[in-house]
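Trainee: Would you mind keeping the following structure in view while I ask a few things?
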């Protein structure tokens, strides 16, 4: 592998990380919104979200991406690879995030909600001050886990022509006829990213357990 | 639009063979991964340092690497060592090895939270070896790990779609070739999405009914 190849792979790493970040940052609030729709049991919308989440959780990202990339232009919506990639990642991760948020909301103690109501908090304030801080803490390990899963599906973005770490490695491998060195280099790029997230998840879980033990 | 679905219907043979390939591939690798995982789980908890470190290294390594990259390593890397496999074997091997790591972790997680008393009671009642395993250890373990194993099986189905990139003729690949042959992208891929959904619903229903049967017999 030449220096040029290494630069190409690092560029791939930038693409992987920035697309994952975009997916995570957009997917988190959308997932929360979907979970709130189901939690509040808004008629029709809640049923729609249930089916949406169920279908999206069962759909492989490759299939979803191919659908978005080829079918949207067909119905007159032009889409480039990067926006197809982000849209696919967001749709995929928001469905999983919705389930994490929802299970936190289901476990939220009702008496606190009623206490907030009885001191006269409005719905918005009640949600911001009482519900949100607590469900964030409960959902955090699950959400971080979902983030590491998201990074691990990003190589699939290659089907719409995005050159991420894996795609760069495969290209270099086919150019040099030595596929193993670039692929092992790719492994070396992924491991710290995913490992950092996994360690973060363990750290949060441990701190929460310690806080619970102290309480 | 209806016409597009008509075209997909006329190509149903291709789509169904893709679906069958996805189902067979997922089923075989789920079984393989579960068996391998069952062998790896005790290794993870082995007293022997070398054994437990090797198992831990494999499991954590797999959990840090994206599946597609691992599939590529098996696909392009193994021939460098003189092992030449076709797409099918490569796909099956990659899917099985990768998910074995996850299955091992799931089984280990279910095992360490099991209470020790029933096991000791079983030994006291004269159970040993396979009888002990089959009657005392396995039922609560499967009950505890069942839903998570079900989730992992859904993950395996979704991972199998990645193998379209190494040209394995599974469901997404079939949808892709229908779309490129007739240019009916929406109809072809949405049909594939709903077929995947159906597969996952079947697994969910299966896990639920196993749970119910086990609950009733408790």
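Trainee: Provide B:3, B:173 in ascending order of the number of other Cβ atoms located within 10 Å of each residue's Cβ, fewest first.
Mentor: On the way: B:3 8, B:173 22.
With the fewest neighbours first, B:3, B:173 line up as B:3, B:173.
Trainee: Tell me, Kirkwood radius of the protein assembly as shown from alpha-carbon pair distances, in Å? Let's see the in-between values first.
Mentor: Details: mean 1/r = 0.0423 Å⁻¹.
Computed over the protein assembly as shown, the radius equals 23.6 Å.
Trainee: How well do other chains shield peptide A:147-154, expressed as the mean number of their Cβ atoms within 10 Å of each residue Cβ?
Mentor: Numbers: counts 0, 2, 2, 0, 2, 9, 6, 2.
Average neighbour count from other chains, rounded to a whole number: 3.
Trainee: Additional query: Report the gain in length on full extension from residue A:40 to residue A:208: 0.36 nm times residue separation, minus Cα-Cα distance, nm rounded to one decimal. Spell out each step's value before the answer.
Mentor: Working: separation 168, 0.36 × 168 = 60.48 nm, distance 2.75 nm.
Difference between extended and current length: 57.7 nm.
Trainee: Using only Cα positions of the stretch B:2-217, each an equal point scatterer, no hydration layer, compute I(q)/I(0) via Debye at q = 0.12, 0.18 Å⁻¹ and quote the log10 values to two decimals.
Mentor: With no solvent term, the Cα-only Debye profile gives -0.75, -1.26.
Trainee: Using a 10 Å cut-off around each Cβ, can you sort B:72, A:177, A:113 from fewest to most neighbouring Cβ atoms? Intermediate results must be reported in sequence, preceding the final value.
Mentor: Details: B:72 26, A:177 7, A:113 15.
Least crowded to most crowded, the residues run A:177, A:113, B:72.
Trainee: Starting from the Kirkwood Rh over alpha-carbon pairs, what translational D in µm² s⁻¹ does the stretch A:94-187 have by Stokes-Einstein at 10 °C and 1.306 mPa s?
Mentor: 95
Trainee: Any chance you could give the angle, 0 to 90 degrees and rounded to 10, that helix B:185-217 forms with the longest Cα principal axis of chain B?
Mentor: 20
Trainee: Using a 10 Å cut-off around each Cβ, can you sort B:67, B:78 from fewest to most neighbouring Cβ atoms?
Mentor: Numbers: B:67 23, B:78 17.
Going from sparsest to densest Cβ surroundings: B:78, B:67.
Trainee: Now a separate question. Under the 0.36 nm per residue contour assumption, what length would be gained going from the current alpha-carbon distance of residue A:127 and residue A:79 to full extension? Intermediate values should be presented prior to the final figure.
Mentor: Details: separation 48, 0.36 × 48 = 17.28 nm, distance 3.62 nm.
Extending this stretch completely gives an extra 13.7 nm.
Trainee: Roughly how tilted is helix B:87-112, in degrees to the nearest 10 and between 0 and 90, from the longest Cα axis of chain B?
Mentor: 30
Trainee: With 5 Å bins from zero, work out the P(r) of the stretch B:119-215 over every alpha carbon pair and list the percent per bin.
Mentor: All Cα pairs considered, the percentages come to 3, 12, 15, 14, 12, 10, 9, 8, 6, 5, 4, 2, 1, 0.
Trainee: Let me ask another. Along its principal axes, what span do the Cα atoms of the stretch A:19-167 show, with the longest given first and each in whole Å?
Mentor: 55, 32, 23
Trainee: Could you sort the peptides B:149-155, A:7-13 by per-residue average Cβ neighbour count (10 Å cutoff), highest mean leading?
Mentor: Values: B:149-155: 20.4, A:7-13: 17.9.
Those peptides, ordered most packed to least, come out B:149-155, A:7-13.
Trainee: Mind pulling the angle between the C-alpha long axis of helix B:138-162 and the longest principal axis of chain B? Nearest 10 degrees, somewhere in 0 to 90.
Mentor: 20
Trainee: On to the next question. Say each of residue B:111 and residue B:132 gets a label point 7 Å from the Cα, pointing the same way as Cα to Cβ; how far apart are those two points in nm?
Mentor: For the pair residue B:111/residue B:132, the computed spacing is 1.4 nm.
Trainee: Now for a different question. Determine the relative contact order of the stretch B:2-217: mean sequence separation of Cα pairs under 8 Å and six or more apart, normalised by residue count, in whole percent. Please list the in-between numbers first.
Mentor: Working: 205 pairs, mean separation 68.4, N = 216.
Contact order relative to length: 32 percent.
Trainee: A follow-up question, please. Can you give the average number of partner chain beta-carbon atoms within 10 Å of each beta-carbon in peptide A:172-185, as a whole number?
Mentor: Numbers: counts 0, 4, 1, 0, 0, 1, 2, 7, 6, 0, 2, 8, 2, 0.
Mean partner shielding for this stretch: 2.
Trainee: Applying a 10 Å radius around every beta-carbon, put B:118-129, A:95-106, A:164-175 in order of their mean neighbour count, most first.
Mentor: Working: B:118-129: 11.7, A:95-106: 21.1, A:164-175: 23.6.
Highest to lowest by the protection proxy: A:164-175, A:95-106, B:118-129.
Trainee: Taking each residue in B:185-193, count the Cβ atoms of any other chain within 10 Å of its Cβ, then average. What number comes out?
Mentor: On the way: counts 10, 6, 2, 5, 11, 5, 0, 7, 9.
Mean partner-chain Cβ count within 10 Å for B:185-193: 6.
Trainee: Going by average Cβ neighbours within 10 Å, how do the peptides B:45-52, A:123-130, A:28-35 rank, with the highest at the top?
Mentor: On the way: B:45-52: 11.0, A:123-130: 12.9, A:28-35: 20.1.
So the peptides B:45-52, A:123-130, A:28-35, ranked by packing, come out A:28-35, A:123-130, B:45-52.
Any read-out appearing in this document is the output of simple, stated calculations on the displayed coordinates, not a laboratory observation. Bear in mind the structure is a predicted one, so any value in this text is a computation, not a measurement. Note that we place each Cβ from the backbone using ideal geometry, even for glycine, and neighbour counts take in every protein chain shown.
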